[in-house]
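Written below as structure tokens is the structure these notes are about.
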Amino acid sequence: MLTQASAATAPFDALDRLSPAGLNRWWARRLRAVLKAAAEKLPFYRERFAAAGFDLARFRTLDDLHALAVCTKADLLAAQRKAGSHKIGIECEVESTRAHVTLSLSSGTSGTTFITHTGAWRRMQGRSSCRAHWWAGLRPGTPLIMSAPAWHSYAAIQPFIAQHFGMPCVVVSGTYLPRFADRVVDAILNFRPRFVTMFLPMVFSILATARRQGLRGDRLFAGVETLVVTGAPITPGMRRHLQELTRVARVTEIAGSSENLLAVQCVHAEGLHLVPDTCHAEIIDRETGRPAADHERGAVVHSAVIASGSLYLRYDGGDVGVIDRAPCPCGLPSPRIKLLGRGEDCFTLGPHTLLPYDVQLALEQAVPELSGATFAIAREDLAQARLGVLIVEPEHAAASLLEGARAGLARRFGVPVEITAVRDLPLLFKGVPPVLSRAEAVA
Ligand SMILES: [Zn+2]
């Protein structure tokens, strides 16, 4: 039997055996074919290529991608308004297949866009998702419980995982359904999975429900070897916290976007390897458009490397992240990225532009006992260049912990800090909103 570390580094297929330079060449070849299809068949890109003077004949390496303008959700929404339709000329090989579906991506308040899948798209994305789970340690025959996000294009491709690995599998349809956490607890107890993929806030709902039933996290998760969390960036302290609560040996993270992006944390737990099958990604400085240096924060911009379904080329979906191109000890060739949050969740505090992730990290570094604590940032305080943290006080927490957190955050950010213990925070459909009004917390 393979040990956990060697199992995680075992290649899924020949693609995993490429060198980083070899993978870049593979990506460049794929992108060239996709750009050619876009130039020939897709009006949206034909117009953009012409406007930018983008010449496909000059496309040789990934660096040549920078000649292509970044595309945002606002660009897609403008194209929808102009076309008066969800079909905006980014849909590739859709006419030739009847087996296509169009889904709406109605996330947030910035408007609804659409994504069209073809059968080929689903097969290729399905294989990509299988690779992601293989990297996370899933092996044939491992009983699996996974949540399939109904609002996410991954709902269409998760069945490929059960098919590919030939395992007994329970799929929870929906990602964040705290009201139904008791059913998931039942499923875990009756089915006894060895691998669980779950939306992070839902893990806490499941643990809280089990606790109300008198069941500790380690009993609930007994026999689970890998817990994959998705939907929110986890800090090192959050990973340790989940390991302490569940006693699962490997807690890892998968991140992605409906449009294409997929990345998985390897055993070395330093960033998430890009899953290369369908997507290439870069991090750029949103102001200058220049590529960000390794570990420098910027916009996550991704490009499809498969010419099927809705094509997103140099698409800035609003995520903020960092990239690390240094070789990884696990041997996988793709660069590692870490999504840190959404651009719209960035806030200004004194001289800093921060994300809730930064506050979480600073909090756990100041007081490790507060790792994984639920908190939100008070909107009113930000307006006065102060940091107000509303924290759901962990049970039996001493007052000295909160004072330690206050002092640590004040040192870290150089602004006045107030920490307020609250009984509860409001839950929205994706968990606790990161920045809210003090009036919204339950004292
Ligand atoms: Zn690695």
**Message:** Among (1) more than 16 Å from Gly372 (Cβ to Cβ); (2) in a helix (DSSP H, G or I); (3) in contact with a Gly (Cβ under 9 Å, 6 or more places away or on another chain), there is one condition Leu242 misses while meeting the rest; what is its number?
**Reply:** (1)
**Request:** Scan segment 268-294 for residues that are within 16 Å of the ligand (Cβ to nearest atom) and surrounded by fewer than 19 Cβ atoms within 10 Å (Cβ to Cβ) and report the count.
**Result:** 4
**Request:** Evaluate segment 206-226: report whether one residue or more is crowded, with 22+ Cβ neighbours inside 10 Å, within 16 Å of the ligand (Cβ to nearest atom) and part of a strand (DSSP E or B).
**Result:** yes
**Request:** Only helices (runs of 4 or more DSSP H) wholly contained in segment 1-77 count here; list those with 2 or more residues that are within 16 Å of the ligand (Cβ to nearest atom) and at pLDDT below 95.
**Result:** 4-9
**Message:** Can you list residue pairs whose Cβ atoms sit under 6 Å apart, with the first residue in segment 266-281 being over 12 Å from Leu15 (Cα atoms) and in a loop (DSSP other than H, G, I, E, B) and the second being among the charged types (D, E, K, R) and within 11 Å of the ligand (Cβ to nearest atom)? Count only pairs 6 or more apart in sequence or on different chains.
**Reply:** Gly271/Asp324; Gly271/Arg336
**Prompt:** Which numbered condition trips up Ser258, out of (1) within 16 Å of the ligand (Cβ to nearest atom); (2) in a loop (DSSP other than H, G, I, E, B); (3) in contact (Cβ under 8 Å) with a residue 60 or more places away in the chain?
**Reply:** (1)
**Prompt:** Hey, does segment 185-193 have a residue that's in a strand (DSSP E or B), touching a residue at least 12 places away in the same chain (Cβ under 8 Å), not assigned by TED's automatic domain parsing to the domain that holds Leu15 and not hydrophobic (A, V, I, L, M, F, W, C)?
**Reply:** no
**Complete:** The correct count of residues that are surrounded by fewer than 21 Cβ atoms within 10 Å (Cβ to Cβ) and of a type in the set (Asp, Glu) in segment 361-378 is 1
**Message:** Can you find, within segment 35-89, the residue that is farthest from Ala299 (Cα to Cα) among those that are surrounded by 13 or more Cβ atoms within 10 Å (Cβ to Cβ) and among the polar types (S, T, N, Q)?
**Reply:** Gln80
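The values are calculated or read from the model by the stated rules, or taken from the named source; none is laboratory data. Everything quoted here is computed from the prediction, not taken from an experiment. Don't worry about glycine lacking a Cβ; one is built from the backbone with ideal geometry, like all the others, and counts go over all protein chains shown.
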